[in-house]
Amino acid sequence: MAIKDGAKPKILFYVQHLLGIGHLARASRVAAALQNDGFSVTIVTGGLPVRGFPPSQLDHVALPAVTSASEAFSGLIDADGNVIDDAFKERRRELLIETLHERRPDIVVIEAFPFGRRQVRFELLPLLEAVAGMNPRPKLVTSVRDLLQERVKPGRNEETVELLNAHFDLVMVHGDPKFARLEDTFPLAGTIKPPIGYTGLVAPPPPAPPGETFQVLISAGGGAAGADLVKAAIEAADLLPNVQDWALITGPNLPQFAYDMAAAKAPPGLKLFRFREDFPSLLAGTELSVSQAGYNTVCDVLRAGCRSLLVPFSAGGETEQTTRAERLERLGLTTMLPEHGLTGRQLAEAIAEALARPKPPAAALDLDGANGAARLLRMLL
């Protein structure tokens, strides 16, 4: 691909978050690293707004927002809770294709699809066709995490490979192959024709010293699927003696009634927050992190090097977080507590045990995945 001397290569980066904020957070970190590496980046988002993401220095196009109607990703609703119709889909599709033609990128990066995000194929399949019809044709890249959902309907993996082989130039895996390879959770990886490249884990840079410290830092990710952990955390803090300097970050998407209930029941030693932009710094100053096992939270924990207790999200047959937590526990980097049937007493006992253990060894994993993505994409030019 020929880039004029002195011109910045242009990237169009599409990301759709539906339930939590993990996909948006990872894509934002990667996009910011690409911009810092000399690319001109436009990030296209399709989910509900999240403070701090994407970073303000990026060219940002926000499609009319959709989110998941349930934890099982059973349908799409708009920001007001209404089921989206064909006219809504058409508005999004037109804006996406218009953005493609206006920006005329050298590389188009699509987060998760076709491994995931089938819910928005009404706009992504037309995007693939639009990319194929451009002259010069942009390179097409899928950006995917290291561990995938393993329980899929028959034929889905074959469909994914067919789309990859027909349209894509690179499968960019945000992981360290020493920890997990694509074939570990995608059995047809050997039939993928475009190259598969590993960026390393997309962790934040080493955090700044924390402005305040908490002995135990409990976080529920985006919050949409964290109500059980929030409830158990409140109960655990009430059961343990001498609780002070604990913090609970509920996530911006925890339903308001659940947040109000938690605030009413929280003991004096537990502070509640909806969201903290300085979360990585807070991890660096805590004695114990208690969280789900989402990709970004785990990367934050590994970077901070703190003790951790992982309660992986597993509703609706989800396997990804449990697989990640089990692998980390085998490496001696964390302790896992199953989400199903979790009680405050179980969590209190696990927290007390985790605080009594020494800090884990430094993770011997590549945590520089954001810059690794820039190196991979440079090779396409």
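Here are the numbers for this structure:
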| read-out | value |
| --- | --- |
| Residues satisfying the stated conditions in the range 291-320, i.e. touching a Gly at 6+ places or on another chain (Cβ under 6 Å) and within 17 Å of residue 228 (Cα to Cα) | 292, 294 |
| Criterion: hydrophobic (A, V, I, L, M, F, W, C), under 15 Å from residue 300 (Cα atoms) and open to solvent by less than 20 Å² (accessible area, probe 1.4 Å) - qualifying residue of 328, 377, 347, 365 | 328 |
| Residue in the range 217-225 that is more than 19 Å from the chain's Cα centre (by Cα) and in a loop (DSSP other than H, G, I, E, B) present | no |
| Condition met for residue 235 (in a loop (DSSP other than H, G, I, E, B) and of a type in the set (Asp, Glu)) | no |
| Selection status of residue 309, open to solvent by less than 40 Å² (accessible area, probe 1.4 Å) and touching a Pro at 6+ places or on another chain (Cβ under 6 Å) | no |
| When residues of the range 188-211 are limited to those that are open to solvent by 30 Å² or more (accessible area, probe 1.4 Å) and modelled with pLDDT under 95, the one nearest to residue 23 (Cα to Cα) | 205 |
| Elements of type strands (runs of 3 or more DSSP E) in the range 38-152, at least 1 residues being small (Gly, Ala, Ser) | 40-45, 59-62, 66-68, 139-145 |
| Spans of helices (runs of 4 or more DSSP H) in the range 244-359 with at least 2 residues farther than 30 Å from residue 150 by Cα | 256-265, 279-285, 344-356 |
| Residue in the range 277-297 that is open to solvent by 60 Å² or more (accessible area, probe 1.4 Å), over 17 Å from the mean Cα position of the chain (by Cα) and over 22 Å from residue 184 (Cα atoms) present | yes |
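The values are calculated or read from the model by the stated rules, or taken from the named source; none is laboratory data. These numbers were taken from a predicted model, which means no experiment stands behind them. Cβ sites come from the backbone with ideal geometry, for glycine too, and all protein chains shown count toward neighbours. Quick note on the areas: whole protein, heavy atoms, side chains included, nothing else; ligands and nucleic acids left out. Shrake-Rupley method; radii C 1.70, N 1.55, O 1.52, S 1.80 Å.
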